[in-house]
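Colleague: The structure that follows is given in the form of structure tokens.
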Amino acid sequence: QVQLVESGGGLVQPGGSLRLSCAASGSIFSINAMSWYRQAPGKQRELVARSTSGGGTNFVDSVKGRFTISRDNAKNTVYLQMNSLKPDDTAVYYCRVEGLGTNYLRFDYWGQGTQVTVSS
């Protein structure tokens with residue numbers, strides 16, 4: 001099985017920065033994609049950023065130019081650097097990891113979520 005541990009959330013003022021981390025561990029052969037989603041109260045969960053094993057990245061329009069996704073493959077960890085934060089960024093952020101297990105079967109796991117609050 002695969003376990004995901006998220007960290008880095010918290011309270012920050014508008015214009016501030018936070019870096020979220022998501023570390024994957026367990027029976028992992030390879031990771032193909034790592035993504036960040038967020039869900040605000042009363043709203044649907046949305047994809048924020050995605051990083052693939054081929055080096056491609058995708059961002060939702062509302063965070064382009066402000067957020068950066070990166071990976072440390074040696075640590076099976078994905079980061080979301082969030083700059084110029086806005087109140088609309090307030091949400092619970094979830095990590096999602098897709099890959100192959102040591103059994104060569106595909107897996108898809110979600111982290112527990114970390115709260116990001118942007119407020120003055």
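Colleague: Please go through the range 87-111 and give me each residue that is in contact with a strand residue (DSSP E or B) (Cβ under 6 Å, 6 or more places away or on another chain), under 25 Å from GLN13 (Cβ atoms) and not small (Gly, Ala, Ser), ordered by number.
Modeller: PRO87, ASP89, THR90, VAL92, TYR93, TYR94, CYS95
Colleague: I would also like to ask the following. For the range 66-94, which residues satisfy the criterion of being within 22 Å of ASN32 (Cβ to Cβ) and of a type in the set (Gly, Ala, Ser)? It would help to see each step written out before you state the result.
Modeller: Residues of the range 66-94 that are within 22 Å of ASN32 (Cβ to Cβ), as a first pass: 67-81, 93-94.
Listed by number, the residues that qualify are SER70, ALA74.
Colleague: Can you pull out every residue in the range 95-118 that is open to solvent by less than 60 Å² (accessible area, probe 1.4 Å) and more than 14 Å from the chain's Cα centre (by Cα)?
Modeller: Within the range 95-118, GLY99, LEU100, GLY101, PHE107, THR117, VAL118 qualify.
Colleague: Against the condition among the small types (Gly, Ala, Ser) and open to solvent by 30 Å² or more (accessible area, probe 1.4 Å), how does SER35 come out, does it pass?
Modeller: Working: among the small types (Gly, Ala, Ser): yes; open to solvent by 30 Å² or more (accessible area, probe 1.4 Å): no.
The answer is no for SER35.
Colleague: While we're on this one: Do you know which of the residues in the range 59-94 that are without any contact (Cβ under 8 Å) to a residue 60 or more places away in the chain and assigned to a loop (DSSP other than H, G, I, E, B) is most open to solvent (accessible area, probe 1.4 Å)?
Modeller: LYS64
Colleague: Go through the range 106-120 and report how many residues are within 23 Å of GLY56 (Cα to Cα) and part of a loop (DSSP other than H, G, I, E, B).
Modeller: Step one: of the range 106-120, the residues within 23 Å of GLY56 (Cα to Cα) are 106-111.
Checking the rest, the ones that are also part of a loop (DSSP other than H, G, I, E, B) come to 111.
Within the range 106-120, residues that are within 23 Å of GLY56 (Cα to Cα) and part of a loop (DSSP other than H, G, I, E, B) number 1.
Colleague: Sort out which residues of the range 47-74 are of a type in the set (S, T, N, Q), more than 21 Å from GLY113 (Cβ to Cβ) and at pLDDT 95 or above, and write them in order of number.
Modeller: So in the range 47-74, the residues of a type in the set (S, T, N, Q) come out as 51-53, 57-58, 62, 68, 70, 73.
Those left that are additionally more than 21 Å from GLY113 (Cβ to Cβ): 52-53, 57, 73.
Selection gives THR57 alone.
Colleague: For residues that are among the polar types (S, T, N, Q) and open to solvent by less than 30 Å² (accessible area, probe 1.4 Å), tally how many sit in the range 38-58. Step through it out loud before you land on a result.
Modeller: Restricting attention to the range 38-58, the residues satisfying the condition of being among the polar types (S, T, N, Q) are 39, 44, 51-53, 57-58.
When the remaining residues are screened for being open to solvent by less than 30 Å² (accessible area, probe 1.4 Å), the result is 51.
Count: 1.
The values are calculated or read from the model by the stated rules, or taken from the named source; none is laboratory data. These numbers come from a predicted model, not from an experiment. Here the Cβ is made from the backbone with ideal geometry for all residues, glycine too, and neighbour counts use every protein chain on show. Side chains are part of the model used for accessible areas, which takes the heavy atoms of the whole protein and leaves out ligands, DNA and RNA. Shrake-Rupley method; radii C 1.70, N 1.55, O 1.52, S 1.80 Å.
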